[in-house]
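A.B. asks: If you scroll down you'll find the structure; I have some questions about it.
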Amino acid sequence: MGNRKRIVEMCLNLMNEEGSRAVGTSRIADELGISPGNLYYHFKNREEIVMVIYEDLDADFRAALVEDVHAPISPERFAGFFLRTLQVAWEYRFFFGGMLHLLRRDEELAARYAALQAWAIDAIETILRQLIKDRSLTRPKAKTGLRSMAINLWIVWSNWIRFVQVSDPKGDVRRDHLIQGVGQLLDILEPYLDPSFEKAGRRVLTRELKKFAEEAADPAS
C-alpha cells in the first residue's frame, strides 16, 4: 500500500475513533511513522485528505441507496436501503459527528455535501413514489407531503450517528444502533405504510438484531 492510501486510511480511522477536531496532519504522520514532509508531498493540508475520504463516502452512499431499486419494492429491500446507508454513515461516522465544523472549514466540501443532500432527498422521494405505485404506501394528503416525508427521512438518517454519539459519548456505535435507526425511519412512515408491509419490514430488523446478538455472543466472530 502506497503512502497516499495509508495516509487516507489512517486519517479515517483516527477521526472515526477520536473525532475530526482531534486529528491533525502531524498526528497522522506520527501514527504512520513518516515525516510531515512525506505527508505534505501527497496532501498540502488536512482538508485535502478529508476531501478524498468524502469522495468515497459520496460514492458509497449513492450506491447503497440505489443498488437494489426496481419495482416492486419488497419490505426486505426497503429495509435494506436504510440498513446499507446507515452502515455507510457508520463507516464515515467522523463526518456526521463533526459535519458542521468540517463544512464551515471547506466551501468546496460544503457544496459537495449540499449536492449529495439534494440528490438523496430526490432519490428517497422516488422510492416513496414507487411504494405508492406498489400500493405499499398511502400518499400524504398535503400537496407537499411526499417531499416533506423525504426530507424528514433524510434529517433522521443524516443525524442518527450524531444522536447515538451524543446519547452515549463514551460508547461505540454498534450495529444494533444502526438497526434502531432504521426502526426510527419506519416510525416516520408507519401511519402511511400498509400494515403488512410495515410488519414485514420490522421482521427484517428483528432478524438483523438476532444475528448481531449471536455474533456478539460468539468469541470467534
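The values are calculated or read from the model by the stated rules, or taken from the named source; none is laboratory data. All of these numbers come straight from a predicted model, not from anything done at the bench. As a convention, Cβ positions derive from the backbone with ideal geometry for all residues, glycine included, and neighbour counts pool all protein chains shown. Heavy atoms of the whole protein, side chains included, go into the accessibility calculation; ligands, DNA and RNA do not. Shrake-Rupley method; radii C 1.70, N 1.55, O 1.52, S 1.80 Å.
A.B. asks: Give the residue, chosen from ARG104, ARG112, ARG62, ARG84, that is crowded, with 17+ Cβ neighbours inside 10 Å, basic (Lys, Arg) and either modelled with pLDDT of 90 or more or not in a helix (DSSP H, G or I) (or both).
C.D. replies: ARG112
A.B. asks: Among GLU17, GLU31, which is the only one that is open to solvent by 20 Å² or more (accessible area, probe 1.4 Å), of a type in the set (Asp, Glu) and within 24 Å of the chain's Cα centre (by Cα)?
C.D. replies: Among GLU17, GLU31, only GLU17 is open to solvent by 20 Å² or more (accessible area, probe 1.4 Å), of a type in the set (Asp, Glu) and within 24 Å of the chain's Cα centre (by Cα).
A.B. asks: Let me ask you something else. Can you pull out the residues in the stretch 71-81 that are crowded, with 20+ Cβ neighbours inside 10 Å and outside any helix (DSSP H, G or I)?
C.D. replies: Once the filter is applied, which keeps residues that are crowded, with 20+ Cβ neighbours inside 10 Å and outside any helix (DSSP H, G or I), the stretch 71-81 yields only ILE73.
A.B. asks: Kindly indicate which of GLN180, GLN117 is closer than 26 Å to GLU67 by Cα, over 13 Å from the mean Cα position of the chain (by Cα) and not acidic (Asp, Glu).
C.D. replies: It is GLN180.
A.B. asks: Taking the conditions exactly as written (assigned to a loop (DSSP other than H, G, I, E, B) and open to solvent by 70 Å² or more (accessible area, probe 1.4 Å)), does LYS199 satisfy them or not?
C.D. replies: no
A.B. asks: If the Cβ limit is 7 Å and pairs must be 6+ apart or interchain, which residue in the stretch 50-69 that is closer than 15 Å to ARG84 by Cβ pairs with which residue that is in a loop (DSSP other than H, G, I, E, B) and at pLDDT 90 or above?
C.D. replies: Taking only residues 6 or more apart or on different chains, the pairs are LEU57/TYR92.
A.B. asks: Run down ASN38, ASN3, ASN16 and say which single residue is modelled with pLDDT under 95 and touching a Lys or Arg at 6+ places or on another chain (Cβ under 7 Å).
C.D. replies: ASN16
A.B. asks: Shifting gears a bit: Taking ASP68 as meeting all but one of (1) open to solvent by less than 70 Å² (accessible area, probe 1.4 Å); (2) at pLDDT 90 or above; (3) among the charged types (D, E, K, R), write down the number of the exception.
C.D. replies: Result: ASP68 passes all but (2).
A.B. asks: Pairs under 9 Å by beta carbon, first residue under 15 Å from PHE94 (Cβ atoms) in the stretch 157-178, partner modelled with pLDDT under 80 and surrounded by fewer than 18 Cβ atoms within 10 Å (Cβ to Cβ), six or more apart or different chains?
C.D. replies: VAL164/GLY171; GLN165/GLY171
A.B. asks: Which of the residues spanning the stretch 151-187 are open to solvent by less than 50 Å² (accessible area, probe 1.4 Å) and among the hydroxyl-bearing types (Ser, Thr, Tyr)?
C.D. replies: SER158
A.B. asks: Are any residues in the stretch 123-150 touching an Asp or Glu at 6+ places or on another chain (Cβ under 9 Å) and either β-branched (Val, Ile, Thr) or loosely packed, with under 14 Cβ neighbours inside 10 Å (or both), and if so, which ones?
C.D. replies: Answer for the stretch 123-150, where residues must be touching an Asp or Glu at 6+ places or on another chain (Cβ under 9 Å) and either β-branched (Val, Ile, Thr) or loosely packed, with under 14 Cβ neighbours inside 10 Å (or both): ARG135, THR138.
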